[in-house]
Amino acid sequence: MALVDLFQFPHFIVMLVGFIHLSIAMLLVAFHKPKKWYSLHLIFAATGVELIVIGLLILSGLILGIPHGIIGLIAAIILIGELIVGYIAIKTKERKIRITHIWVSRVIYIVTLVALILGVLNFI
């Protein structure tokens with residue numbers, strides 16, 4: 001099958017857009033641009049996680065027999081937790097929570113990228 005055929009699957013499209021939102025959220029933090037980067041970071045991170053959860057929900061069933069399914073489910077659960085930890089970091093202003101949020105975000109971003117690549121490789 002051609003790689004273009006992936007765009008016929010709503011799961012792929014929603015997950016890809018969610019991953020793009022997470023990428024934008026991380027780039028906003030890295031560059032601190034534009035002026036309202038923090039507000040945009042919150043918006044893109046929250047919508048990215050929401051889209052990934054929606055991407056899971058539109059599946060007819062989880063296939064946990066393949067690495068893509070296992071890593072993807074773990075990544076989605078950790079992303080939800082990371083969103084909550086980010087909210088706690090804002091409210092408490094505790095440095096250790098903020099640093100944990102930053103490092104777990106970096107790691108889970110890479111894990112999410114691996115899940116995306118494995119999903120594409122499973123398809124082709």
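Just the protein heavy atoms count here, and of the accessible area of the chain at 1.4 Å, carbon and sulfur take up 76 percent.
Hey, with R₀ at 35 Å, roughly what FRET efficiency would Lys93 and Leu113 work out to, going by the Cβ-Cβ distance, to 0.05?
Details: r = 30 Å, r/R0 = 0.86.
The calculated FRET efficiency here is 0.70.
Hey, for a label at Ile63 modelled as a point 7 Å past Cα toward Cβ, could you say which residues of region 80-124 have their backbone N under 16 Å away? Of the residues in region 80-124, 115-124 have backbone N under 16 Å from the label point off Ile63. Here the contact order of region 52-122, divided by its residue count and restricted to Cα pairs under 8 Å and six or more residues apart, works out to 38 percent. Projecting the Cα atoms of Gly72, Leu42, Leu62 onto the dipole axis of region 33-124, where Lys and Arg carry +1 and Asp and Glu carry -1 at the beta carbon, places Leu42 farthest toward the positive end.
Per-residue surface analysis assigns Trp103 an accessible area of about 150 Å², computed on protein heavy atoms at 1.4 Å probe radius. Dividing the mean sequence gap of close Cα pairs (under 8 Å, 6+ apart) by how many residues the chain holds gives a relative contact order of 29 percent. Here region 21-124 is assigned +1 on the Cβ of each Lys and Arg and -1 on the Cβ of each Asp and Glu. Its dipole about the Cα centre then comes out at about 600 debye.
Hey, with R₀ at 41 Å, roughly what FRET efficiency would Phe31 and Leu121 work out to, going by the Cβ-Cβ distance, to 0.05? Efficiency, rounded to the nearest 0.05: 0.85. Shape class for region 45-124, computed from the alpha carbon gyration tensor (a ≥ b ≥ c): prolate, with a/c not under 1.5 and a/b above b/c. In the assembled protein chains, Ser23 presents an accessible area of approximately 20 Å² (probe radius 1.4 Å). Note on Arg106: accessible area approximately 100 square angstrom, rounded to 10, probe 1.4 Å, nucleic acids and ligands left out.
The values are calculated or read from the model by the stated rules, or taken from the named source; none is laboratory data. Worth saying up front: this structure is predicted, and the values here are computed from it rather than measured. FYI the Cβ positions are ideal-geometry reconstructions off the backbone, even for glycines, and counts take in every protein chain you see. Side chains are part of the model used for accessible areas, which takes the heavy atoms of the whole protein and leaves out ligands, DNA and RNA. Shrake-Rupley method; radii C 1.70, N 1.55, O 1.52, S 1.80 Å.
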